[in-house]
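Only one structure is covered here, and it is reproduced in the block below.
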Amino acid sequence: MDLNTVWFGLLGVLFIAYAVLDGFDLGVGIILPFYKSDEERRLALNSIGPLWDGNEVWLLTAGGALFAAFPHVYAGVFSGLYSALMLLLGALIFRAVSLEVRSKCEGALWRRIWDGVFSLCSFLIALLLGVAVGNLVTGMSVDAAGNVDAGMFGLLNLLEPIPLFAGVFAVCLLALHGALFLRMKTREFMRFRTEMLLLPIFGAVVVFYIALTAWVILCGPLPGARNFDQYPILGIVPVLAGFALVGTGIFLRCRTFKLAFCGTTATIALLILTVGVGMFPHLVPAIEDFCGCGMSIAGSAHSLTIYDSASDKTLLTMLIITCLGIPLVALYHILVYRAFSKKTELDETSY
């Protein structure tokens, strides 16, 4: 195992940590409109209040690690997907702003507007990240210079619905993840409304999971899933993801919500792992052509891999820094989660 492979794995760990931890924050934002009273919405926001900014550290760390370890990928993706990334950045910014300013005025309309902004931004972030993962699976248009050429609407190719399915599936899965977190963090009067949301959201997750899986299978070999054809043993990873989702449904049925939350956590982690093992050693799988039905054909020599995109001189230095930094960040999260492990209560300092 070389440093390039190690960094591919570390990037996967960072993205999994972000998706799992900030995932329930995003999920709370997605389902926020279903809570009608201001008190309920305040409880929902305060359940994630001490945690959301720390959870986003993992995204910043992953972005910095991508820039240092694989600068050609960072440059190629950011230049080709500038509008989509600016939309994502704007959603991240306004999501943070809406959470902080909604309590600065007592007016009901003021709070509803910023609650709507928070929910819309959470939805957009989950959708865009899901679409991005879907595009990695189907492959992206990469020119000879290593630049991604897609644009905002190129990410949503109607002839290739996998990215759109992946985006909607991500929204539903994170909404379920967030609803389970709220069920564990709130007291009796809010639990009933949350429990009413769980089964419909889980049903939507199952529908889009089946649709996404079926379409991937029907499309045949995809640039971001070529390893499953060459090494069938790797198929155990998506199978485990499916079992994790089934287990989540069983735990929901048995009303063991903590285990159901563990089930969504495992599902998210295993799905990201599925994408990683499917496209290794490619970081940006490229498409060579499209057939008549819109299915992409693997094999482009323009794919960006962990070897031709790496900054070899920084891999070892960054590895040392990362080995020191990640345990400290993990320790910080453990301390914060332990400090705020009790049920959410409202006081004069609440949002």
Among Gly134, Gly49, Gly64, which one shows the biggest mean-square fluctuation in a GNM of the chain, springs joining Cα atoms closer than 10 Å?
Gly64
Rounded to the nearest 0.05, what FRET efficiency do Ile217 and Lys36 give with R0 = 41 Å and r taken as the Cβ-Cβ distance? Could you check?
0.50
Just to be sure I understand: with springs between alpha-carbon atoms less than 10 Å apart, which residue in Val57, Val329, Val13 has the highest mean-square fluctuation in the Gaussian network model of the chain?
Val329
Roughly what would the spin-label model give for Cys262 and Ala330, points 7 Å off Cα along C-beta, in nm?
1.8
Distance from the range 97-133 to the range 1-72 (C-alpha centre basis), Å
16
Place a point 7 Å from the Cα of Ala339 along the Cα-to-Cβ direction; which residues of the range 47-88 have their backbone N under 14 Å from it?
49-55
Using the Cα centre of the range 3-339 as origin and beta-carbon charges of +1 (Lys, Arg) and -1 (Asp, Glu), tell me which of Met279, Leu109, Ile268 is placed farthest towards the positive end of the dipole.
Leu109
In degrees rounded to 10, the 0-90 angle between helix 162-185 Cα long axis and the longest Cα principal axis of the chain is 30
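Taking the mean number of other Cβ atoms within 10 Å as a proxy for protection, how do you rank 227-237, 71-81 from highest to lowest?
Details: 227-237: 13.2, 71-81: 19.5.
For the peptides 227-237, 71-81, the packing ranking is 71-81, 227-237.
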Placing unit charges on C-beta atoms (Lys and Arg positive, Asp and Glu negative, everything else neutral), compute the dipole magnitude of the chain about its Cα centre in debye, rounded to 20.
1260
For Leu89 and Ile321, compute 0.36 nm times the residue count separating them, minus their Cα-Cα distance, and round to one decimal in nm.
80.9 nm
In percent, what relative contact order does the range 3-339 have, based on Cα pairs under 8 Å that are 6 or more apart in sequence?
24
Residue among Ala214, Gly9, Ile125 farthest towards the positive dipole end of the range 3-339, charges placed on Cβ
Ile125
Restricting to lysines and to Cα separations under 28 Å from Lys342, and discarding same-chain partners fewer than 8 apart, the set is Lys36, Lys104, Lys185, Lys258
Just Arg102, Arg226, Arg255 to compare: in a GNM of the chain, with alpha carbon springs under 10 Å, which one fluctuates most?
Arg255
So what is the 222 nm mean residue ellipticity for the chain from helices alone, if each DSSP H run of at least 4 adds -39500 (n - 2.57) and you divide by all residues, rounding to the nearest 500 deg cm²/dmol?
-24500 deg cm²/dmol
For the Cα atoms of the chain, what angle does the longest principal axis make with the long axis of helix 3-31, in degrees from 0 to 90, nearest 10?
30
By the scheme Lys and Arg +1, Asp and Glu -1, what is the net charge of all other residues having a beta-carbon under 13 Å from that of Leu60?
-3
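No value in this document is a laboratory result; all are computed from the given coordinates. Everything numeric here is computed off the predicted structure, so don't read it as measured data. Using ideal geometry, Cβ is built from the backbone for each residue, glycine included, and neighbour counts are taken over all protein chains shown.
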